[in-house]
Every structure is written in C-alpha cells, then in structure tokens.
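The values are calculated or read from the model by the stated rules, or taken from the named source; none is laboratory data. Every value quoted in this text rests on a predicted model; they were computed, and no experiment measured them. Here the Cβ positions follow ideal geometry from the backbone for every residue, glycine too, while neighbour counts run over all protein chains shown.
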Amino acid sequence: MKPFIYIASLRRTGSTVLSEALTLLPYSFIFLEPKFGEEKFSIKKRDAEMFLKHGIDLEAFKNNWSGNKQKYIIEAFKRELMPHLASYVSQVGVKEIHHDGWRKYIQYFPEMKILLTGRDPRDIYISLFYRVKSGKGNFSGTFCPGAVADDLNKEFQKQLEMHKETDCLKIRYEDLCTNENLFDKILTFVESEIPAIGDIGSFNALNPKRQDEYELHGDQITDKRVNRWHHESDKNLVMEAQKTFDLMPEYCEFWGY
C-alpha cells in the first residue's frame, strides 16, 4: 500500500475538507477521527455501511476489540483490518484533532506521512463560537478566549513535537482555500495517485449538523470563510477573537500569522 496518512489538525482548521479531498475510492480513504491512538475506534455510520458492501465489517472489528482488548486496537487495526482494506483501497489514513496518541500511530506506521493543518486563531474562535452557539458543536468548559487558546495550544504542542521529530507538511487553511497549486504539493508529499480532488462535501451533506456548511461550500474548496474575522459584524466577538490570537504567540509565529 501507499504510505499511511496522518492529518494532524486543530479544530476548525479545514481538516474535514482536506480529508475529503484526499478520499477517492479505490485510490484512498481517510477515516475521520477514529481515535486509534486513544485506544478507541469511533466509526462513522456512512463508512461502516460503505465498507460493509465490500465485505469489510467495521462494527464487527470494533466489537471484537472492545473491553479489555481495546488497548490493542491500533495494533489490531494494522494487523487485521489493514490487509482487508488493502484489497479495496490503495492508501489509507486518519484525520485527528486530538493528538495525545500520535506516537502510537507512528509506532505502527513508521513511514506515515503527516499533514499539519493550521488557521488564523481569530477565525478558529469565531467559527467555533457559532458552532457552539447553534448547538452544532461542542466545547468542554466555559467558552472564552482563554479556554479556547488553552485548548488549541495544547494540541499545537503535539504538532510541534511532530514537526521536530518527523517529516511533516504544513498546510494553512487560507492557503488550501486560495492556492490552486497547494493540493498538487500535498499529493506529492503523501505519494498519492488520485487523479482528481476527492469526495468533498460528502460528510457535510449527510450530517444534519453540517447542513449550513454544505449550503455554503457545496462540493468545492472555497475561500468563503477565509479571514472571516475581517467581515464579522459583532465587534465584541472580534475582540474576543483577537484575545485568543494574542494568547497564542508561539502558534502564530509557527504558522505565520
């Protein structure tokens, strides 16, 4: 198979659209936040149904490696499930937004290609604010600039670890949405052979909580949410977004904001 792909994202940084862009059967498939590194297996219903049509029972695999055996699930994923997937798709990967278990991934997939994603913290804050406000997103604890910055900085430290210890490709959301040549660079880095951009919009189209995003972007990568904070009419919200930005100097330097 082609190298395993690990999309190491922070929340609201374009990770879903990137995952979809890299998913095109039978060339490649990216699991959305399966959490193998956390000794779990979170399965999307549509994925289970799709693979079952090809004789791959993800639910049965998950159930077989539940309970006391669950701590071995990433090993089982490589040893038992990957050979079955290889009969149907040439390249497999995952997208995660929590990275405490990233070293477990690289332990079992030492040649994996890591894609780091980032976005202007002001836009992350505003995007997350509206998701939480509408009840379509979640955030543990009090939603405020300090809490959001702490959450993002925690995962960013894991991104820094990856960047220092492995070969990674940095992808800014703004560049993904505006630079037509970036996707070709991504394909080269992960050694992908997909002939076109993948199944963009499929997750949002089937998710009731993502219908607003699907209506906005459809099945395209668009720049409609780039520099969102510039166009936000709620001045207090923009001030809170700026506070988040100011609390993330190391992140902003790393990502060039």
| field | Only one of Lys235, Lys209, Lys164, Lys170 that is among the basic types (Lys, Arg), within 21 Å of Arg11 (Cβ to Cβ) and at pLDDT 95 or above | value | Lys170
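Anything in the stretch 32-49 that is outside any loop (DSSP other than H, G, I, E, B) and of a type outside the set (Gly, Ala, Ser)? List them, or say none.
Leu32, Phe36, Glu38, Lys45, Arg46, Asp47, Glu49
Matching residues to (1) more than 30 Å from Thr188 (Cβ to Cβ); (2) in a helix (DSSP H, G or I); (3) in contact (Cβ under 8 Å) with a residue 60 or more places away in the chain:
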residue: Thr16; (1), (2), (3): no, yes, yes
residue: Ser19; (1), (2), (3): no, yes, yes
residue: Pro26; (1), (2), (3): no, no, yes
residue: Ile30; (1), (2), (3): no, no, yes
residue: Phe51; (1), (2), (3): no, yes, no
residue: Gly55; (1), (2), (3): yes, no, no
residue: Ala60; (1), (2), (3): yes, yes, no
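Which of the residues belonging to the stretch 77-110 are among the small types (Gly, Ala, Ser), over 17 Å from Glu33 (Cα atoms) and not in a loop (DSSP other than H, G, I, E, B)? Give the derivation first.
Of the residues in the stretch 77-110, the ones among the small types (Gly, Ala, Ser) are 86-87, 90, 93, 101.
Among the residues that remain, those that are also over 17 Å from Glu33 (Cα atoms) are: 86-87, 90.
Answer for the stretch 77-110, where residues must be among the small types (Gly, Ala, Ser), over 17 Å from Glu33 (Cα atoms) and not in a loop (DSSP other than H, G, I, E, B): just Ala86.
From Gly137, Gly141, Gly198, grab the single residue that is modelled with pLDDT under 95, exposed (fewer than 15 other Cβ atoms within 10 Å of the Cβ), of a type outside the set (Val, Ile, Thr) and outside any helix (DSSP H, G or I). Steps first, please.
Values: Gly137 fails: exposed (fewer than 15 other Cβ atoms within 10 Å of the Cβ); Gly198 fails: exposed (fewer than 15 other Cβ atoms within 10 Å of the Cβ).
Selected residue: Gly141, the only one of Gly137, Gly141, Gly198 that is modelled with pLDDT under 95, exposed (fewer than 15 other Cβ atoms within 10 Å of the Cβ), of a type outside the set (Val, Ile, Thr) and outside any helix (DSSP H, G or I).
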